[in-house]
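Below is one structure, written out as structure tokens, with a few remarks after it.
The values are calculated or read from the model by the stated rules, or taken from the named source; none is laboratory data. What you see is a predicted model, and the numbers here were worked out from it, not measured in a lab. Cβ coordinates were reconstructed from backbone atoms using ideal geometry, including for glycine residues, and neighbour counts include every protein chain displayed. For the accessible areas, the whole protein counts, side chains as well, though only heavy atoms, and no ligand, DNA or RNA atoms are used. Shrake-Rupley method; radii C 1.70, N 1.55, O 1.52, S 1.80 Å.
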Amino acid sequence: MKGKTYLEVGADGVAIITINNPPLNLLSVDVLLSLKNNTEQALLRDDVKAVVITGSKGKFSGGFDVTAFGKKGLSCFPSNLYDEARTTQLELIIGKHGKLGFWSIEFVTDILEAARKPFVAAIDGPALGGGLEIALACHARISTSSAVLGLPELRYGILPGLGGTQRLPRLVGLRKALEMILMSKLVNGDNARGMGLVDGISSADLLTTIARHWAKDILAHRRPWTVSLYRTDWLEPLPEAKMMLEHARVKSKKQAPNLKHPLVCIDVIEEGLVHGPRAALWKESKALHELQQSDTCRSLVYFFFAQQRTSKVPGITDMGLIPRKANTFAVVGGGILGSSIATALILSNYSVILKELDEKAMLAGIERVKVNLQDHVKQRKLAEVKLDKILSLCKGVLHYEDFREVDMVIEAVSGNISLKQRIFAELESYCPPHCILSSSTSMINLNLINERRNFQNRIVGTHFFGQAHLVPVLEIIRTEKTSPQVIVDLLAIGKKMRKTPVVVHNSSGSAINRMFIPYSQAAMMLVEHGVDLYQIDQAVAAFGMTMGPFRMMDFVGFEVATAMKVQFSKNFGERFNELSKLISAMQEDIQADETTRKGFYIYDGESKFTPNPDIKMYVNKARSISGLSIDYELMQLSDEETVEMILFPVVNEACCVLEDKIVVKASDLDVASVTGMGFPEYRGGIIFWADTLGPKYICSKLEKWSKTYGPFFKPCAYLAERASKESLGGEGQAKSQL
Ligand SMILES: C[C@H](O)CC(=O)SCCNC(=O)CCNC(=O)[C@H](O)C(C)(C)COP(=O)(O)OP(=O)(O)OC[C@H]1O[C@@H](n2cnc3c(N)ncnc32)[C@H](O)[C@@H]1OP(=O)(O)O
């Protein structure tokens, strides 16, 4: 039996039902059945006058066990995360007796919410998804300030399925409910109280006592007995509500045109407003049943676990090490990268000293940090009132003497290996013995920085791909000598910075760079052969990448892209011998960076961008340098074929990364591709997606292209081997997946 609930009846006539399925009290079939049995018992027993539902060990419930959702996956790559044991999904979604609406209507609505005894939810820790939906059906909710409440179902390609689409809008109003549901936004107890989602706040130790009194007060008519499903006082008038829903639809289609489930969810919410909540509950149950079988759900559930597991590194995180406290950081270099790292750190409440060579550069670095924070305010990621306080966490310095007390240094200067070696020599002599010494470079082999240092166990790479305060990933690059404690510390720091950590072995080029280079090179090669640059970006964005390859190159900056290119041709042989000349052709006139706001696109500073009108001239110039000619066959490529031609080389490079054992598990590359390169999460990540197409199909395409367009497309041994052994779908399947 996987979890259950306990029923305990007090002398005061209040029964406490405790959900117990550690560690998060997830809602398994067993938990739900036990909750239903105990609820029915409490209703039958004469000695029970009111009921409190709570969760054991300070955790209300993390919601449904999401391994129940999505279909069983197949993988030809090692370490993909689907397990075989997910047979209970139908029982969980539909119900014991195979009826739609069994849990949501027959139990939650018609037994729990319709009970003739008051039910109060006592919430501490997470009350998420189905967990919160059970609480919403209770007649009042008491929570701690730090409890975390939300309906994050859309994250998994489904929708709230225990009545959340109906009860939340009726408790907090449609506007706030849409924000919480469509953006999977979580709120803490205090905020939940402010918006009417919970009725009272209590300390953790008094939680059940207060909830108990509250339940008795409801019984004695001293507090309202609220049936959320039929409340209307918080709902906006119907015409206004319909406008909001239409606006949400338009926004959702714009942001995620390939995703169906947000639109289904909006329809279900609307059904409740137009035809009443009960009709909508049926629609919700049906929608959940259908959506949970979709490929989107399968990919998103896979991705959830892949992301969770990047911080589990065999041989390191299983050693029982405790992360050490880190309070003060030093960043060496106040350029674009250094200032963005400093911004990311102070936004996570760390104190930072930003070191530069002279006063002018130091002030410019601090100014960049300020501008980054102001951008956050403009994008409503930071409250304006907090800006000055956060900025005050960052101090400029000119001497290493100020590094005597820091816990970690991040070197972020552009420069050659000897400059970095000099910096690390200084760090070693000025920083305290516990201090972690890191380099944010991903292009210089850390062993070269390391080689003359005494404390090689403290040296590590911290690669924030692009701008650290914007990108949600932190690549932790370890050498043979890096101590496990340093990795454990960095995993904790990454978590506090809300970055998904991906731990990789030191090599030339991090895992994300290894995937980025073929992404950009394939696109530029197509352009040199005559394919329209902006058409490529459009096709790739329509596939779901956050940015097409050209927007991405502008974002990363030409200087970084060129440095990567040089590094790749040096280290990865024939694959990268003949790289595109497009950036070099443009670089004589343009530096895509913060000042010019120019690259393949022209940026107006307000996140609007338009094609660069001079691009044809640069393409012609690149073509004449490289000697490539127009290829009319390539110019006829469909969007689908364009996407394949750009992303299959990325799959190939990801396979090389696996072959080189740079990452410990294939799923880490899925996470790196999504969080670092903007690969669509709902396709599960680059390897997961490749798996759905089948390595045989990908390999055969690459082989064909390599005959015409050279070794850049040649499948690596790892991919070729899997293609010959495994067959996960031929061309027909591949086509339908794109
Ligand atoms: C029909 C309904 O409307 C549908 C639903 O209810 S959908 C489910 C909604 N619930 C969620 O999305 C919760 C997702 N979980 C989380 O956000 C976080 O785990 C949390 C905030 C609850 C707790 O965080 P934290 O204390 O750091 O614990 P965390 O390490 O994440 O999780 C502990 C373990 O539970 C697993 N887990 C967490 N939530 C899970 C879930 N909903 N299903 C299955 N496993 C889950 C984690 O993978 C982890 O497993 P591991 O020990 O093997 O690595």
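Tell me the relative contact order for the range 513-725 as a rounded percent, counting alpha carbon contacts under 8 Å between residues six or more apart.
Once normalised by length, the contact order is 25 percent.
Under the definition of Cα pairs under 8 Å and six or more residues apart, what whole-number percent is the relative contact order of the range 458-501?
With pairs under 8 Å counted, the relative contact order is 39 percent.
Which FRET efficiency value, to the nearest 0.05, is calculated for TYR6 and PHE305 with the Förster distance at 25 angstrom and r the Cβ-Cβ distance?
The formula returns an efficiency of 0.30 here.
Hey, got the Cα dimensions of the range 513-725 along the principal axes, in Å, largest first?
The Cα atoms of the range 513-725 stretch 48, 36, 34 Å along their principal axes.
Output the relative contact order of the chain, whole-number percent, from Cα pairs under 8 angstrom with separation of 6+ residues.
10
Which percent of the Cα-Cα distances in the chain go past 37 Å?
Distances greater than 37 Å cover 47 percent of the Cα pairs.
Evaluate the charge dipole of the range 519-578 about its Cα centre and quote only its size in Debye, nearest 20, assuming +1 on the Cβ of each Lys and Arg and -1 on the Cβ of each Asp and Glu.
200
When we measure straight from the Cα of LYS581, which aspartates and glutamates land under 20 angstrom away, once same-chain ones fewer than 8 places off are left out?
GLU528, ASP532, ASP537, ASP554, GLU559, ASP589, ASP593, ASP614, ASP631
Based on the Cβ-Cβ distance from GLN421 to ALA364, what FRET efficiency comes out when R0 is 35 Å, to the nearest 0.05?
With a Förster radius of 35 Å, E is 0.85.
Roughly how many Å² is the accessible area per residue of the chain, as a whole number, for a 1.4 Å probe?
Result: 41 Å² of accessible area for each residue.
Please state the shape class of the range 385-483: rounded when a/c is under 1.5, otherwise prolate if a/b exceeds b/c and oblate if not, all from the C-alpha gyration tensor.
Because a/c hits 1.5 or more and a/b fails to exceed b/c, the range 385-483 counts as oblate.
Roughly how many debye, to the nearest 20, is the charge dipole of the range 250-379 about its Cα centre, given +1 on each Lys and Arg Cβ, -1 on each Asp and Glu Cβ, and no other charges?
The dipole magnitude comes to about 120 debye.
Just to check, using Stokes-Einstein with a Kirkwood Rh over alpha carbon pairs, what's the diffusion coefficient of the range 600-705 at 10 °C and 1.306 mPa s in µm²/s?
96
Which net charge results for the neighbourhood of ILE512, defined as the other residues with beta-carbon distances under 14 angstrom from its beta-carbon, given Lys and Arg at +1 and Asp and Glu at -1?
-2
Averaged over every viewing direction, what's the projected area of the C-alpha convex hull for the range 4-303? Give it in nm², one decimal, please.
15.2
Could you work out the helix-only [θ] at 222 nm for the chain, with each DSSP H run of four or more residues adding -39,500 (n - 2.57) and the total divided by the number of residues, to the nearest 500 deg cm²/dmol?
-14000 deg cm²/dmol
Taking a cut-off of 17 Å, what percent of all Cα-Cα pairs in the range 185-290 are separated by more than that?
The proportion of pairs with Cα distances above 17 Å equals 69 percent.
Report, to two decimal places, the Cα Rg of the range 328-506 normalised by 2.2 N^0.38 Å (N = number of residues).
0.96
Could you compute the longest span of the chain free of GluC sites (Glu not before Pro) located in DSSP loops and having at most 13 other Cβ atoms within 10 Å, not counting the site residues?
85-404
I'd like the carbon and sulfur percentage of the solvent accessible area for the chain, probe radius 1.4 Å, heavy atoms only, ligands and nucleic acids excluded.
After summing per-atom areas, the C and S share lands at 53 percent.
Viscosity 1.567 mPa s, temperature 4 °C: Stokes-Einstein D of the range 249-371 from its Kirkwood Cα radius, in µm² per second?
66
Which distance in Å, rounded to a whole number, links the C-alpha centroids of the range 508-539 and the range 612-676?
Each part reduced to its Cα centre gives a spacing of 4 Å.
Using the alpha-carbon atoms, what tilt in degrees (0 to 90, nearest 10) does helix 484-496 show relative to the longest principal axis of the chain?
60
Under a Cβ-Cβ cut-off of 9 Å, what is the net charge of the residues other than ALA137 that fall near it, where Lys and Arg count +1 and Asp and Glu count -1?
Result for the local shell: -1.
Of LYS4/LYS57; LYS312/LYS496; LYS2/LYS495; LYS395/LYS420; LYS253/LYS499, which ones are farther than 19 Å apart at the Cα?
Correct reply: LYS2/LYS495; LYS395/LYS420; LYS253/LYS499.
State to the nearest 20 debye the size of the charge dipole of the chain about its Cα centre, where the only charges are +1 on K and R beta carbons and -1 on D and E beta carbons.
Dipole of the chain, to the nearest 20 debye: 1160 debye.
Working only with C-alpha atoms, what are the Rg and Dmax values of the range 110-206, expressed in angstrom?
Rg then Dmax for the range 110-206, in Å: 12.5, 37.
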